[in-house]
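Undergrad: Pasting in a structure now, in structure tokens, and then I'll have a few things to ask.
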Amino acid sequence: MKLLKRISAAVVAAVAIAVGPMAGHGAMAQEKPKTIYLAVGTTSSEYWQEVIWGAEQVANSVGAKLEVYESGFDGQKHMQQLGAILAAGCEGCAFAWFPDSTAFTKAFVERAEAGGAFMTTMWNRPEEIHPWDTASDAWIANISFDGVDSGYQNGMALCKAIGGKGGIAVLKGTPDNPPSKQREIGLLKAVSECPGMTILDTQIGNWGQTEGQNITRTWIARYGDQLKGVFAQNDGMALGAVAALREKGLVGKVPVTGSDGSSDVLKLIKSGEMLSSMRISSQLHGAVAAALAYAVASGDLKIGDLAQAQRDFYLVQTLATKDNVDAMLSAQPNPADFSYDALKKNFWARSKGQIPVGVN
Amino acid sequence: MKSAGPIVSLLAMVLVFASLTPNFVSAANLQAILESAAVPAVVAIGMTFVLVQGSIDLSGEGVAPLANILLSILIANSVTAHDLGAGAIAVALAAGLAVGALNGILYAHLRMPSLIVTLAMWLITLGLAALLFPSRQPQILDGGFVGLALHKHLGLSALVYLAMALALVAFIVERRTKLGRIGFAIGADEALVRLAGVNVNVYKVGAFAICGCLTGLAGILTAAQIGVGNPLAGEGLLFPGIAACVIGGTLLSGGRGGVLHSLVGVLVLVTLRNGLVQTGANPLLQKAIEGVVIVVAVAASTWHLRRKTRVVK
């Protein structure tokens, strides 16, 4: 046995000496990351499940492992998780990260930079910082969806549905959150183009179904027939509004709009119980965020080569209405479209352009 | 008269809102208030049994989602193939009961602080709920179940009547059974109760089991209201539940208060939120106003106790 061990040790040593220079050469060309780290708000929502699915397709296609970190929208928790990963030594790691609020974005990207890792962020970027001016060696890109467009298109759909005249009520997510702010800017633009439509009241529903339901119930009691429509900044609150309207037999009569395009909302649009929702490509969100992080970490892309429009951009989205909802419901995402090689052909193929100034 | 503080606060609030907007006292709005109070009331009733013993249960925001998700994947729904009907309700309730009893056993028999035991249980149950969540929210297709929240009898849904009936039963348990009365005694002076030869632990476990079961019920009722299963549905249940009890005059140190007090506390909180929307208060200011009202209401309802004990913890 001992002899066998010695022989095998000698063989290993010989091979190492022979292959050594070549292995060293390979290392210089940058090692491919074996793990992609993905931070999500919660695993208990369809949107985030689809983000995870998208990132998973990318990871699977390159033989890497996807590790998912959930925070329950608690930025401190993501902070601790990121700290633990980086503390274990994570130079050149690929992070697709969700900053739970704009307050945490800078801290996350700076930590990634200090740890020598690379990071893409989703949704939350404070107005004053960008990937090219903050932790610019580590922060590859920020990827989001156009909330102004969502607010505007849903607002115009509502205007049309109420015949251009009447009062609507607005369910706002959380104050000082870019998507919430953007959807409000978009709605106000729609109101300015549809002067007969007035905003009766705006309330903060914290993105939640139960809160959306309680507030809408109070609105029905307060405004009665005056309430012609409900503009909810996300699908969760829209579902709550629909539940409250259903209690009073008003569902379908008072149009409700949402944003996200989740499958249960699409079904309500199909049945006429909801008017519209902005369908975002959540699988694409996860896939592009993961693929860009992987591309830089593996050396396929150089951060320095990227233009600003490639580092802070919106992805495509479509307003779901009764006219196109059937196609949306029957569409099944094809894993091949989300593989790294497919996305690598042009990571920005489905970009809707650079995020403008003043919307975050 | 001394314990009338919370009721007076509630009436004062109603008068203020009614004078600001005539819509506030309309039948439709009163219905809206009662509908919104149903689920928090169920939580607060359960919480009261624990609080009067001088303990606390923080696990609600995990237990309610767990019951909610168990129910929605076991009843006829859009994601899984199960259709247990009323059996799904039984499973979800049993889960709440079991978690509550486990809370009580860990706290009473292992002598761990209820604050820590239930905090841990919150995380455990929320984690289980997240684990059970299928990749999309299950829409509940059982018409009878969703009808609990939809069909109105005299303008109110079955949820409101259920909450009222529960309050009545809980009140009887609290006043007429050993479980209720010994609970108060444990809160007032546990050592004395032990000296009297009472097996205190049984009553402690009982109180936590009731609380867990009712919290599970709250998760089930939420599912009936929103028509879908969602682990986030329990968010925001815990703080109003505890705050309602305290506003109503149930002391966190135990021994005082009761189910009816807590119900008044629930009505104070729900009426406040409703009234602020009705009167068009600035939404950004609403949280701050809520905080101020809670401080004022608690100060008003416990003033006489402070002077008597001269101790503030």
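The values are calculated or read from the model by the stated rules, or taken from the named source; none is laboratory data. From a predicted model like this one, the values you see are computed outputs, not experimental measurements. Counting neighbours? That spans all protein chains shown, and the Cβs are built from the backbone with ideal geometry, glycine included. Heads up: the accessible areas ignore ligands, DNA and RNA and are worked out on the full protein's heavy atoms, side chains in. Shrake-Rupley method; radii C 1.70, N 1.55, O 1.52, S 1.80 Å.
Undergrad: Considering only B:G255, B:G143, B:G241, give the residue with the highest GNM mean-square fluctuation for chain B, with springs between Cα atoms whenever their separation is below 10 Å.
TA: Maximum among the listed residues: B:G143.
Undergrad: Cα gyration tensor of chain A, axes a ≥ b ≥ c as square roots of the eigenvalues: rounded (a/c below 1.5), prolate (a/b > b/c) or oblate?
TA: Verdict is prolate for chain A.
Undergrad: For the stretch A:125-242, what relative contact order do you get, as a whole percent, if you take Cα pairs closer than 8 Å and at least 6 residues apart?
TA: 30
Undergrad: Further question: Work out from phi, with θ = phi - 60° and the Karplus expression 6.51 cos²θ - 1.76 cosθ + 1.60, the ³J(HN,Hα) of each residue of the stretch B:182-191, listed in order in whole Hz, and give x for Gly and Pro.
TA: 5, x, 4, 5, 4, x, 6, 7, 5, 4
Undergrad: Show me, for the stretch A:98-115, the HN-Hα J-couplings you get by feeding each phi into the Karplus relation (A = 6.51, B = -1.76, C = 1.60, θ = phi - 60°), rounded to Hz, glycine and proline as x.
TA: Those phi angles translate into 9, x, 4, 8, 4, 5, 9, 3, 4, 4, 5, 5, 5, 5, 4, 5, 4, x Hz.
Undergrad: Rolling a 1.4 angstrom probe over the protein heavy atoms, how many square angstrom per residue are accessible across the stretch A:139-265?
TA: Per-residue value: 29 Å².
Undergrad: How large is the dipole of the stretch A:210-360 about the Cα centre if only Lys and Arg carry +1 and Asp and Glu carry -1, each at its Cβ, rounded to the nearest 20 debye?
TA: 300
Undergrad: By per-residue mean of other Cβ atoms within 10 Å, what is the highest-first order of A:165-174, A:284-293, A:210-219, B:132-141?
TA: The peptides rank, most packed first, as A:284-293, A:210-219, A:165-174, B:132-141.
Undergrad: What residue among A:A297, A:I204, A:I185 has its Cα farthest toward the positive end of the dipole of chain A, where the charges are +1 on Lys, Arg and -1 on Asp, Glu, each on the Cβ?
TA: So the residue we want is A:A297.
Undergrad: To the nearest 10 square angstrom, how much accessible area does A:K253 have with a 1.4 angstrom probe?
TA: 150
Undergrad: Could you name every residue in the stretch A:233-249 that has 50 Å² or more less accessible surface in the full protein assembly than in its own chain alone (probe 1.4 Å, ligands and nucleic acids excluded)?
TA: A:E247
Undergrad: Related question: Which sequence of B:K204, A:K106 reflects their accessible areas, 1.4 Å probe, from the largest down?
TA: Result, largest first: A:K106, B:K204.
Undergrad: May I pose another question? Specify whether the C-alpha gyration tensor of the stretch A:305-357 places it in the rounded, prolate or oblate class, a ≥ b ≥ c being the square roots of the eigenvalues: rounded for a/c under 1.5, otherwise prolate if a/b is larger than b/c and oblate if not.
TA: Judged from the Cα gyration tensor, the stretch A:305-357 comes out oblate (a/c at least 1.5, b/c at or above a/b).
Undergrad: For chain B, with a Gaussian network of springs between Cα atoms less than 10 Å apart, report the residue from B:I289, B:I75, B:I247 with the top mean-square fluctuation.
TA: B:I289
Undergrad: So with the 1.4 Å probe, I'd like the accessible area per residue for chain B, rounded to whole Å².
TA: I get 43 Å² per residue for chain B.
Undergrad: Report the net charge of residues surrounding A:G54, where surrounding means a beta-carbon distance below 14 angstrom and charges are Lys +1, Arg +1, Asp -1, Glu -1.
TA: -3
Undergrad: I would also like to ask the following. I'd like the Kirkwood hydrodynamic radius of the stretch A:162-204, using the inverse of the mean 1/r over distinct C-alpha pairs, in Å.
TA: 10.9
Undergrad: Taking 51 Å as R0, compute the FRET efficiency from the Cβ-Cβ separation of A:A84 and B:I289 and round it to 0.05.
TA: 0.80
Undergrad: Using the structure shown, list the pairs from A:K181/A:K228; A:K65/A:K302; A:K34/A:K172; A:K160/A:K267; A:K77/A:K253 with a Cα-Cα distance above 32 Å, or answer none.
TA: Going by Cα-Cα distance, A:K34/A:K172; A:K77/A:K253 fall outside the 32 Å limit.
Undergrad: Here's a follow-up. Measuring from a point 7 Å past the Cα of B:V296 along Cα-to-C-beta, which residues in the stretch B:14-58 have an amide N at less than 16 Å?
TA: Output list for this probe position: B:14-21.
Undergrad: Right, next: For the pairing of chain B with chain A, what total accessible surface becomes buried, with a 1.4 angstrom probe, in square angstrom to the nearest 100?
TA: Answer for the B-A pair: about 2700 Å² buried.
Undergrad: Lys/Arg Cβ at +1, Asp/Glu Cβ at -1, dipole of the stretch B:102-199 taken about the Cα centre: which of B:P134, B:L162, B:V173 is farthest positive-ward?
TA: Value computed over the given set: B:V173.
Undergrad: Oh, and also: Counting only residues 5 or more places away or on other chains, whose amide H sits under 5 Å from the amide H of B:L58 once H atoms are built in the peptide plane?
TA: Amide H to amide H, under 5 Å and 5 or more residues apart or across chains, B:L58 pairs with B:T118, B:L119.
Undergrad: Less than 14 Å Cβ to Cβ from B:A196, Lys/Arg counted +1 and Asp/Glu -1: what total charge do the surrounding residues give?
TA: That sum, taken over residues with Cβ under 14 Å, equals +1.
Undergrad: Projected onto the charge dipole of chain A (+1 at Lys/Arg Cβ, -1 at Asp/Glu Cβ, origin at the Cα centre), which of A:L266, A:Q310, A:L227 gives the Cα projection farthest towards the positive end?
TA: Of the listed residues, the answer is A:L266.
Undergrad: Pop a pseudo-label 7 angstrom from the Cα along the beta-carbon direction at both A:S136 and A:E91 and give the gap in nm to one decimal.
TA: 2.3
Undergrad: Oh, and also: Restricting things to Cα coordinates, could you compute the convex hull volume per residue of the protein assembly as shown in Å³?
TA: About 203 Å³ per residue, rounded to a whole number.
Undergrad: Further question on the same structure: When a/c reaches 1.5 or more, the comparison of a/b and b/c decides; with that in mind, is the stretch B:1-128 rounded, prolate or oblate per its Cα gyration tensor?
TA: Because a/c hits 1.5 or more and a/b fails to exceed b/c, the stretch B:1-128 counts as oblate.
Undergrad: Further question on the same structure: Would you please give the residues with an amide H less than 5 Å from that of A:N142, counting only those at least 5 places away or on a separate chain, with H modeled from the backbone geometry?
TA: A:T121, A:D312, A:F313
Undergrad: Calculate the dipole size of chain A relative to its Cα centre from +1 charges on Lys and Arg beta carbons and -1 charges on Asp and Glu beta carbons; express the result in debye to the nearest 20.
TA: Taking the Cα centre of chain A as origin, the dipole is about 520 debye.
Undergrad: Given a Förster distance of 41 Å, report the FRET efficiency between A:Q354 and A:Q226 from their Cβ-Cβ distance, rounded to the nearest 0.05.
TA: E(calc), rounded to 0.05, equals 0.50.
Undergrad: Assuming 0.36 nm per residue, please report the length gained on full extension of the stretch B:A281 to B:L15 beyond their Cα-Cα distance.
TA: Taking 0.36 nm per residue and subtracting the Cα distance, the gain is 94.1 nm.
Undergrad: Summarise the accessible area of the stretch A:279-343 (1.4 Å probe, protein heavy atoms) by the percent that is carbon and sulfur.
TA: Its accessible area is 49 percent carbon and sulfur atoms.
Undergrad: Report the gain in length on full extension from A:K77 to A:N346: 0.36 nm times residue separation, minus Cα-Cα distance, nm rounded to one decimal.
TA: 93.5 nm
Undergrad: Per residue of the stretch B:152-157, in order, report the coupling 6.51 cos²θ - 1.76 cosθ + 1.60 (Karplus, θ = phi - 60°) as ³J(HN,Hα) in whole Hz, putting x for Gly and Pro.
TA: For the stretch B:152-157, the Karplus-derived couplings read 9, 10, 6, x, 10, 7 Hz, x marking Gly and Pro.
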